[in-house]
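The values are calculated or read from the model by the stated rules, or taken from the named source; none is laboratory data. Since this is a predicted model, take the numbers as computed values, not measurements. When we count neighbours, we look across all protein chains shown, and the Cβ atoms used for this are built from the backbone with ideal geometry, even at glycine. These area figures cover heavy atoms from the full protein model, side chains too; ligands, DNA and RNA do not enter into them. Shrake-Rupley method; radii C 1.70, N 1.55, O 1.52, S 1.80 Å.
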Amino acid sequence: MSVILSSPVLAILGGVWGLLLLATLVVWRIAPTPDSELRQRVRSWWIIVALCSLALTFSRTAALVFFGLVSFLALKEYLTLVPTRQADRRVLFWAYLSIPLQYYWIGIEWYGMFIIFIPVYMFLLIPVALVLAGDTQGYLRAAGTLHWGLMSMVFSLSHLAFLLVLPQGQYPQVSGPGLVLFLLLLTELNDVAQFCWGKLFGKHKISPTVSPNKTVEGFVGGAMTTLLLSALLASWLTPFGLRDALLAGALIAVAGFFGDLSLSALKRDLGIKDSGRLLPGHGGILDRIDSLTYTAPLFFHFTRYLYF
Amino acid sequence: MWPIFLRFLFFLLLVKPFLLLAVGISVRGRQRLPHQGPALIVANHNSHLDALALAAILPLRLLPHTRPAASAEYFLQGRWRSWFARKVIGIIPVATKGGAAHAEVLHEVKEALLAGDLVIFFPEGTRGEPEALGQLKSGIVWLAETLPEVPIYPIRLRGLGKVLPKGAWLPVPFFCDAWVGERLRWEGDRQRFMTALVTRLTEPT
C-alpha cells in the first residue's frame, strides 16, 4: 500500500521549503562568513527538510526505512556517548537488531506487538543477555543505560512512524504523512520559537543547572507561537477541531520542552556540549530529535485515543 | 590485475558502506590527508579495522597504491588468509617476532615507499590495550631516518577498538573519529621526532 498523499501535505511541504528559503536569505544577510554556525545550521536544515520531504512523499516503506535509520543513528550516537562495558558487545548487537523488528511491526500494522515489544520483551531479554555475558560489576548501570536508550531512541521515536499507519479513511482529508508532518513541524518550530523568543526577551531562567539558555520568556513565547501554528495547521493536516488543536499544540510545547531538557541533563551528566557531529551547526542527531522523543509518543496517544 | 579489481569491489561493496555508513567515521583535518605517494600513514592501533578504515578514508584512486604493513605471523597463516591479505588487501608482511635488524624486517616497507606507495604503518607494532596508545617501537624511527624525504601523516583513531576489539569477531556500530594531524618529517633528532609523533597520536589537533 502506498502512501495516500493528500494535497494539503504537498502544500504545507511547499510552505516549509519557502520558509527555509526565506530563513536562508535572512541568515546570509546577518551571518556573512560562510562557515558561521548559523549558516551551517541552515545548511543542515536543507538536508533534513529534503530527506523528510522525500520520505513522506515517496512511499510508506520509504518513510518506515527513513525513520528506522533515524532510530539507528540516534541509538548509535547514544551508545557512543554513554559508557558501555566490553562484555556487553553482544547485548548491544541485540539492541540494534530491535530497530528493524520494531519498524517491521509497524509495517505490518501490528499495534499490539509494536506497543509491547520494547517495554516488555526487550526489557526482559536484555537482562537475560547481560546475565549470560556473566559480568555482574556494573550490571544495573549497563541494564538501565540500555533500556533508557532503547525506550528513547527506538520505542518513542517509532511512534512517529506508527502515525503513518493509523487506520485511514475515517477522515477523508487526513493522511498518515499529514499527521507526521504536523508533529514534526510543530515540534521543530516549537524548538526554534522557544530559542528565538528566549534570545530576544529571555530574562528568568527556568532550570539554570540543566540548561541555562531556557527562560520563562522563551518558553511562554514559544508555546504561544506553537499554539497559533497548531490552530492554523490543524484543519489542513489533522482531524482536530479548534479545541483539540490548541490542546495538541500545548502538549507539543510542554513535551518538547521537557524532551529537550532531559537530553541536556544527559549531556551535562556526561560532561559534553554536543551529542555528536552528524549535523553541522546543530551538533549530533540527538541534539535535533531530543524534543521528538517526548512529543512523538504523547501526540500519538492523544490522537489515537480521541480519533482512531 | 584481477586481485586489484577484487580490492576495489571489496572496498566499494563492503568496507566503505560498512565503515563509512553503518559505523560512521568522522574525519577531521581531511585537507591534510595525502593526495599522492610516497607517504607513510601512521596511526594508533586497536582493531583489525584500523588499516581498512585508513585505506577507506583516502581518495579511492589511491587504493591500488595503499598498502598496510601487517604482521607476517598472523596474516600469512593459512593459504586463503595469506592470499586474501597479500593479493586483495595488498599487505606488506612484516616479521614482528624474531628480533632481526630493522633493515631486514622493514625491507619490503622501504621498497614500497621507494616505489611511491602509501604505506599504512602502526608504530605500536600490535593492537594492545583498547583505546590506549602503547609504547611505540623503534621501527618508525628507522623508517623516518632511512627515508627522510618521505612525508609522514599521523592519524589518531578513536572508537574502532570499541567496534571490533582484539579477540572479538562480531563488529558492533559506534561512531568513530579520525584526526589527521600535521604532517611530520625527519629532522635528525630521534627524541624530538618521537615526542612529536606521540603528541599527534594522543591529542586531538
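Annotations
- Filtered residues of the stretch B:143-164 (kept if without any contact (Cβ under 8 Å) to a residue 60 or more places away in the chain and assigned to a helix (DSSP H, G or I)): B:Glu145, B:Thr146, B:Lys162
- Which listed residue is part of a strand (DSSP E or B), open to solvent by 10 Å² or more (accessible area, probe 1.4 Å) and either farther than 25 Å from B:Glu129 by Cβ or more than 14 Å from chain A (Cβ to nearest Cβ) (or both), from B:Ala69, B:Ala51: B:Ala69
- So B:Lys16, is it in a helix (DSSP H, G or I), without any contact (Cβ under 8 Å) to a residue 60 or more places away in the chain, basic (Lys, Arg) and closer than 28 Å to A:Lys76 by Cβ: yes
- Any hit, the stretch A:93-100, residues being at pLDDT below 95 and within 11 Å of chain B (Cβ to nearest Cβ): yes
- Candidates A:Thr61, A:Thr136, filtered to the one that is touching a Gly at 6+ places or on another chain (Cβ under 8 Å), away from chain B (no Cβ under 14 Å) and either over 30 Å from A:Leu185 (Cβ atoms) or surrounded by fewer than 18 Cβ atoms within 10 Å (Cβ to Cβ) (or both): A:Thr61
- Top-ranked residue in the stretch B:165-205 [being without any contact (Cβ under 8 Å) to a residue 60 or more places away in the chain and within 14 Å of chain A (Cβ to nearest Cβ); ranked as most open to solvent (accessible area, probe 1.4 Å)]: B:Trp169
This table checks each residue for (1) open to solvent by 10 Å² or more (accessible area, probe 1.4 Å); (2) under 22 Å from A:Leu157 (Cα atoms); (3) polar (S, T, N, Q).
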residue: A:Thr187; (1), (2), (3): no, yes, yes
residue: A:Phe201; (1), (2), (3): yes, no, no
residue: A:Ile206; (1), (2), (3): yes, no, no
residue: A:Lys214; (1), (2), (3): yes, no, no
residue: A:Gly222; (1), (2), (3): no, no, no
residue: A:Leu228; (1), (2), (3): yes, no, no
residue: A:Gly241; (1), (2), (3): yes, no, no
residue: A:Ala245; (1), (2), (3): no, yes, no
residue: A:Gly256; (1), (2), (3): no, yes, no
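- Screening A:Ile285 against (1) at pLDDT below 95; (2) open to solvent by less than 70 Å² (accessible area, probe 1.4 Å); (3) more than 14 Å from chain B (Cβ to nearest Cβ) leaves a single unmet condition, (3).
Rundown of residues vs (1) out of contact with any strand residue (DSSP E or B) (no Cβ under 6 Å at 6 or more places or on another chain); (2) over 23 Å from B:Val105 (Cα atoms); (3) surrounded by fewer than 23 Cβ atoms within 10 Å (Cβ to Cβ), yes/no style:
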residue: B:Ala115; (1), (2), (3): yes, no, yes
residue: B:Leu118; (1), (2), (3): no, no, no
residue: B:Pro130; (1), (2), (3): yes, yes, yes
residue: B:Gly134; (1), (2), (3): yes, no, yes
residue: B:Lys137; (1), (2), (3): yes, no, yes
residue: B:Thr146; (1), (2), (3): yes, no, yes
residue: B:Glu149; (1), (2), (3): yes, no, yes
residue: B:Arg156; (1), (2), (3): no, yes, yes
residue: B:Gly159; (1), (2), (3): no, yes, yes
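- Residue satisfying all of: in the stretch A:262-282; in a loop (DSSP other than H, G, I, E, B) and hydrophobic (A, V, I, L, M, F, W, C); farthest from the other protein chains (Cβ to nearest Cβ) among these: A:Ile272
- Residue in the stretch B:19-35 that is farthest from the other protein chains (Cβ to nearest Cβ), counting only those that are of a type in the set (Gly, Ala, Ser) and either part of a helix (DSSP H, G or I) or in contact with a Cys (Cβ under 9 Å, 6 or more places away or on another chain) (or both): B:Ala22
- Residue check for B:Gly181: more than 29 Å from B:Gly98 (Cα to Cα), among the small types (Gly, Ala, Ser) and at pLDDT 90 or above: yes
- Qualifying residue in the stretch A:96-112 (condition: buried (at least 20 other Cβ atoms within 10 Å of the Cβ), of a type in the set (A, V, I, L, M, F, W, C) and touching a Leu at 6+ places or on another chain (Cβ under 9 Å)): yes
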